[in-house]
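The values are calculated or read from the model by the stated rules, or taken from the named source; none is laboratory data. Since the structure is predicted, the reported quantities are computational estimates derived from the model, not experimental observations. Cβ atoms come from the backbone with ideal geometry, glycine included; neighbour counts cover every protein chain shown.
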């Protein structure tokens, strides 16, 4: 818990210093998401390592967790490589970011290795504009971030299942390892963060479109021209404002003369 406190407070302090003194566009939220994601991966690894020294009946948790983390690293690496080499706009942003960071040796390898070995959520750090450095100025579209966040479920959901299983089996003994409890809490927090991210994306994508449709329908009704002869309740053109009277007097008939001339 002390290590988590130091990591989170340190990252929050660095992000605030960057925002106040260096780059006002620094995203403190992106830095904190990256920090929590990094801590989540560390606690998952600690949980898997701790399960090896437990009861022999729980040794399968170690092998299942190890296989899961290795498969996760491989899948994350392949995902990021595909995104960096794709022909869409996000792939173009990745390649342009790598061109801007040629002074940093193997920037692409740094991106893939850091994000895949730790957590896909660490990719938020590269888009945080920390200190205004080009290394942390990667442009990532919202849909791409959403795809990466959904892929983090492949890590969090199986780990939550293993951690909950160990927690339930060790709750009767009265001694629950702190690493199991902390890793479970961070994994649950990651899942809740993803749900909030999906809700925020849905609100930003659905509600503005509904408001736009309502605005377009109301504007089409208000601007629809009125046809037919005026009724008895409508004011005559002699009492209309000067601007309206001017428009009426300048309308031409089919014979080429204006209504005023007639």
inquiry  = Any residue in region 192-205 that is modelled with pLDDT of 75 or more sitting within a Cβ distance under 6 Å of a residue that is surrounded by 11 or more Cβ atoms within 10 Å (Cβ to Cβ) and in a helix (DSSP H, G or I)? List the pairs, counting only those 6 or more apart or interchain.
reply    = 194/149; 197/149
request  = For region 18-27, name all the residues that are in contact (Cβ under 8 Å) with a residue 40 or more places away in the chain and surrounded by 16 or more Cβ atoms within 10 Å (Cβ to Cβ).
outcome  = 18, 23, 26, 27
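Only one of 15, 49, 64 is part of a helix (DSSP H, G or I), more than 20 Å from residue 189 (Cα to Cα), touching a helix residue (DSSP H, G or I) at 6+ places or on another chain (Cβ under 9 Å) and without any contact (Cβ under 8 Å) to a residue 24 or more places away in the chain. Can you tell me which?
49
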